[in-house]
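In what follows, a single structure is set out as structure tokens and then discussed.
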Amino acid sequence: SSANKKIERLVKTTCSYCGVGCQLQLKVTGEQVVGVFFDKSSSNKGHLCAKGQFGWEYIHSEKRLTHPLIRKNGELTEATWDEALDLIQEKFSEALERHGSDAIAGLSSAKITNEENYLFQKFMRSILKTNHIDHCARLCHAASVVGLQASFGSGAMTNTINEILESDVIFVIGANPTEAHPVIGYRIKEAVQKGVKLLVADPRKIELSRYADVFVRQNSGTDIALLNGIAHVIYKEDLWDKEFVDNRTEEFETWVKSIEQYTPEYVADITGIASEDIIAMARVIGQAKKMMILYAMGITQHIHGTGGVLAIANLAMLTGNIGKRGAGVAPLRGQNNVQGACDMGALPNVYPSYRPINEENRKFFESFWETSLPEKPGMTLNEITHAVYNGQIKAMYIVGENPSLSEPNGKHVQEGFDKIDFLVVQDIFLTETAEQADVVLPAASFAEKDGTFTNTERKIQRVRTAVSPPGEAKADWLIFIDLAKRFGQKWSYSTSEDIMKEITQCSPLYREATYDQIEAGLVHWNYPGTETPILHTEKFVRGKGKFHPVEFTKTAAEEPCEDYPLLLTTGRTLHQYHTGTMSRKSKLELLQPEENILVHPNTVSDLSMIDGEIVIVESRRGEIEAKIRCSDKMPQGVVFLTFHYAETPSNILTNDALDPSSKTPELKSCAVKIKKK
Ligand code: SF4
């Protein structure tokens, strides 16, 4: 067994799961990873969660893709690299010729490296001439990118993770760090032990609520009212930071009028939180010298996701909690390289470093890449899947993502992929989406390649080769180079470092990201002229911080009704990850092998059902079966599913209504009913 093998070497690298970006050492024997070792020298201080520690065995799973596959007579059949790449070249060229570049789209991946994201968007833009490029950030923090950009001029986490320990108050809203960002969860508990105050606002009784000084359970989708209400009390009780507001911000007067009506009583009515608790939270925040707000999908995955982010930014500015240590706003990024994929321009409206698609920047990249580029910004992820369904997108290239399971209104997405003329999927496993493809390309996992990932706090960290990829699988960046060659382009990168050298020349945020600096663990990206990893210290990236009035209007696009009386919310759990592609092929599967629909015991008895019963969960878009688990952590009338299991694909049920500004879908709320089987 692997446990008895002698460890020949340790390879330091970055965890392949979540955006915390823990450093770890892979124990290697020959061509086998045999375990994971802690790395105390890094900012996670040796801490790893179960995913980092026990989730690595997928690297050597027998189910890894080892050869390219081409669909022949309806079946995916083993092929050579030449056959597969020639076919891709032929089919994309044909789509370009017949339908133009608007009929082509690509999804990049928050799982591949920065260097690979950079090459993929370069490939799509400069060779296939389309800006229809997006990735799963659209499903999580696109609302943060839009909202924080409007407020501060940058969509990223403003401070660093370990500053949690230097804070006076941590405010967690719409995030469940002990499950989704576990090492940040540990850090918060450590801070509480040191005397840092903790405030938690979540409809569910999450684990951190046990550690909180004040814990409130807002009705789902009422965060804007709660945040406005807290700001209202802070303003009325004169606990706000006048100096900061006067010197550093604009549009305060207009905004302050907009929160006038959000009295504790008014907000109590909307949120279901006692007005004394709203006042208590406001006082703790108003009296703190340093407060950090941590949030995640509970804020962003709503039709008012951008509004929620703006309300958070307003509160941080009102209390002067931006641009100093131990404070700030922390959107907790989900995937290990979702920050980097955004930074690299795997988005439809920006080039690397968020340079907007306009004439000036287009001309820069046309000369830098020595080619012509498309003028119009492209479509977002959900718009792309709709365009696939409608027949507008004829050929698509998906790298390391599994939209058939991860996109809302899943049936619609799957039907689109069944109809599309030509679909390429590049991945390490035959995912549910790959099963629908015309060509499948086998990629290397994080343990089989070099490169960098950027974590949630903007820290750029190395990924290092520990073993060779299985069979004929190849690193994604090598595949992109081979493909570019098929289209007559000579890309002369021989290492991932060569690609990073090019990135440093066109991406101002990465100007200091040389491999030497990254090796030394030194690079949190920041804007030119700044010495510290903290954003907005002297001034905001946009100059002044801008207050935005945000009104609470409704909780969700689809509220519970007579036919669908329950509210379904979705999320992650500690021992599985996303669509299960990796975690389910490791020991983690033993810890959490199946889906449970979590339901409050009173709701279960109202339905005359029992714990453990298999039931049908139905929404307007479809139905699935799942096992009921009674949980007093759930509010009455609200049920919870993960999106980890292909057997119980919860996104068949979810709603694809979008937040109009960020196009993030409302994965956190839809109406369902539960029926006897
Ligand atoms: Fe990996 Fe995230 Fe767990 Fe750290 S907290 S070990 S990065 S999954």
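One table, with the values for the structure above:
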read-out: Whole-number percent relative contact order across the chain, with pairs defined as alpha carbons under 8 Å at least 6 apart; value: 20
read-out: Where Ser209, Ser41 fall by accessible area, highest first, once all protein chains stay in place (1.4 Å); value: Ser41, Ser209
read-out: Accessible area (Å², 1.4 Å probe, nearest 10) - Glu83; value: 90
read-out: Per-residue SASA entry for Tyr389, accessible area with 1.4 Å probe, Å² rounded to 10; value: 70
read-out: Within straight-line cross-link reach of Lys490, lysines at Cα separation under 29 Å, skipping those fewer than 8 residues along the same chain; value: Lys91, Lys111, Lys122, Lys129, Lys363, Lys376, Lys394, Lys449, Lys474, Lys501
read-out: Volume in Å³ per residue [convex hull over Cα atoms, computed for the chain]; value: 150
read-out: For region 77-182, with +1 on Lys and Arg beta carbons and -1 on Asp and Glu, the positive-most of Phe152, His141, Thr130 along the dipole; value: Phe152
read-out: Cα gyration tensor category, rounded, prolate or oblate, for region 142-332 with a/c compared to 1.5; value: rounded
read-out: Order of exposure, largest accessible area first, which applies to Leu76, Leu590, Leu332 with probe 1.4 Å; value: Leu590, Leu76, Leu332
read-out: Residue (of Asn247, Gln301, Leu226) at the positive-pole extreme of region 182-320, dipole from beta-carbon charges; value: Gln301
read-out: Solvent-accessible ranking of Lys474, Lys205, largest area first, probe 1.4 Å; value: Lys205, Lys474
read-out: Proximal aspartates and glutamates to Lys633, defined as alpha-carbon separation beneath 15 angstrom and excluding residues fewer than eight positions away on the same chain; value: Glu179, Asp202, Glu207, Asp611
read-out: Tensor-based shape of region 623-677 (alpha-carbon gyration tensor, a/c under 1.5 rounded, otherwise prolate or oblate); value: prolate
read-out: Mean ellipticity per residue at 222 nm, deg cm²/dmol - from DSSP H runs of n ≥ 4 across the chain, formula -39500 (n - 2.57); value: -8500 deg cm²/dmol
read-out: Between helix 81-99 and the chain: long-axis angle, C-alpha atoms, 0 to 90°, nearest 10; value: 70
read-out: Rounded percent of accessible protein surface that carbon and sulfur make up, region 566-676, 1.4 Å probe; value: 54
read-out: Region 142-332, relative contact order in percent, only Cα pairs under 8 angstrom and at least six apart counted; value: 34
read-out: Solvent-accessible area per residue, Å², over region 2-60 with all protein chains present [probe radius 1.4 Å]; value: 42
read-out: Highest to lowest packing among 439-452, 616-629, 363-376, scored as the average C-beta count within 10 Å; value: 439-452, 616-629, 363-376
read-out: Net lengthening on full extension, Phe37/Glu562 (0.36 nm per residue, minus Cα-Cα); value: 183.7 nm
read-out: Region 112-187, relative contact order [Cα under 8 Å, separation at least 6], %; value: 13
read-out: Extension gain from Asp418 to Ala274, taking 0.36 nm per residue of separation minus the Cα-Cα distance; value: 46.8 nm
read-out: Rounded, prolate or oblate (a/c below 1.5 giving rounded, otherwise prolate when a/b exceeds b/c) for region 566-676 by Cα gyration tensor; value: oblate
read-out: Computed magnitude of the charge dipole of region 392-546 (debye, nearest 20; Cβ of K, R +1, Cβ of D, E -1); value: 700
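The values are calculated or read from the model by the stated rules, or taken from the named source; none is laboratory data. This is a predicted model, so every value here is computed, not measured. All Cβ positions, even for glycine, are placed from backbone atoms using ideal geometry, and neighbour counts span all protein chains on display. Accessible surface is based on the protein model in full, side chains and every heavy atom, while ligands, DNA and RNA are left aside. Shrake-Rupley method; radii C 1.70, N 1.55, O 1.52, S 1.80 Å.
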